[in-house]
1. In the range 142-153, what count of residues is obtained for those that are among the hydrophobic types (A, V, I, L, M, F, W, C) and farther than 25 Å from LEU39 by Cβ?
2. When you scan the range 29-50, do you find a residue that is closer than 21 Å to ALA159 by Cα and either modelled with pLDDT under 95 or in a helix (DSSP H, G or I) (or both), even just one?
3. Which ones in the range 174-205 are part of a helix (DSSP H, G or I) and either under 12 Å from LEU44 (Cβ atoms) or in contact with a helix residue (DSSP H, G or I) (Cβ under 8 Å, 6 or more places away or on another chain) (or both)?
4. Out of the range 61-75, which residues are within 21 Å of PRO195 (Cβ to Cβ), crowded, with 22+ Cβ neighbours inside 10 Å and hydrophobic (A, V, I, L, M, F, W, C)?
5. Could you list all residues from the range 56-97 that are within 22 Å of PRO172 (Cα to Cα) and either among the β-branched types (Val, Ile, Thr) or part of a helix (DSSP H, G or I) (or both)?
6. If you go through the range 109-116 one residue at a time, do you hit one that is touching a Pro at 6+ places or on another chain (Cβ under 7 Å), at pLDDT below 90 and not acidic (Asp, Glu)?
Amino acid sequence: MNDMLARMGASATENPHLDAKTALRRRLAAVWAGLDLPLRSAELVRRALDLPELVAARTIATYVALPSEVATATLIATLGDRGVLVLLPVVAPDGGLSWRRWRQGDPLSVGLRGTMEPTKRGEDVSLDQAEVVIVPGLAFDVTGGRLGRGGGAFDRALAGRRRPSTVVAMAPDEVVLDTLPTEEHDQAVDIVVTPTRVLRPRALD
């Protein structure tokens, strides 16, 4: 047992970013739990739908939100009504993401990680087709940094793109920080939409 504890302690010391992220995720969970998410989500979705990038895009990849995330049902339905090709993620057994075409009325079912995803087969589409990718996150910072839930699925999906796309996040102001602990594999976002502002940190690169 002592050897096990020693190894755990060494692991945390060798990877301070991992330790900092774990502690931050715990604090952020409490922040999210205290928010009126239905109210915040409605305002965030309205602002996101007005972004020029979303208005112009013909193919948009997004996600079906968990109860503790910014709700995306209205966003997805509105994009469908606009005639946008909507891509939703499907979790593979190895934890990776594939992307499936969604149309109004298509059924959703619970996936491997508890998220809702399209059940219709034979409609997988490369993420490279999306002009805009809307991603979830526990927190973001003013430089475009993103903190996910720890699985790394969206980071891997974004890193695997062969064509550029605009990466958008919707977040309450309370979880947009000055800086986040980041690692080399972490993928930044181009736009962060909050109820009070639209940040475009990547435009300064």
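1. At the first step, the residues of the range 142-153 found to be among the hydrophobic types (A, V, I, L, M, F, W, C) are 142, 147, 153.
Filter once more, keeping what is farther than 25 Å from LEU39 by Cβ: 153.
Residues that pass the stated criteria total 1.
2. Applying the first criterion (closer than 21 Å to ALA159 by Cα) to the range 29-50 yields none.
Checking the range 29-50: not a single residue is closer than 21 Å to ALA159 by Cα and either modelled with pLDDT under 95 or in a helix (DSSP H, G or I) (or both).
3. Filtering the range 174-205 for residues part of a helix (DSSP H, G or I) gives 174-175, 201-204.
GLU174, VAL175, listed by residue number.
4. Within the range 61-75, VAL70, LEU75 meet the criteria.
5. To start, the set of residues in the range 56-97 that are within 22 Å of PRO172 (Cα to Cα) comprises 60-79.
Hits for the range 56-97 are ILE60, THR62, VAL64, VAL70, THR72, ALA73, THR74, LEU75, ILE76, ALA77, THR78, LEU79.
6. Of all residues in the range 109-116, those touching a Pro at 6+ places or on another chain (Cβ under 7 Å) come to 112.
Those still in the list that are at pLDDT below 90 too: 112.
Within this subset, residues satisfying the condition of being not acidic (Asp, Glu) are 112.
Yes: the range 109-116 contains one or more residues that are touching a Pro at 6+ places or on another chain (Cβ under 7 Å), at pLDDT below 90 and not acidic (Asp, Glu).
The values are calculated or read from the model by the stated rules, or taken from the named source; none is laboratory data. On a predicted model such as this, the values are computed, not experimentally measured, just so you know. Cβ: placed from backbone, ideal geometry, glycine included. Neighbour counts: every protein chain shown.
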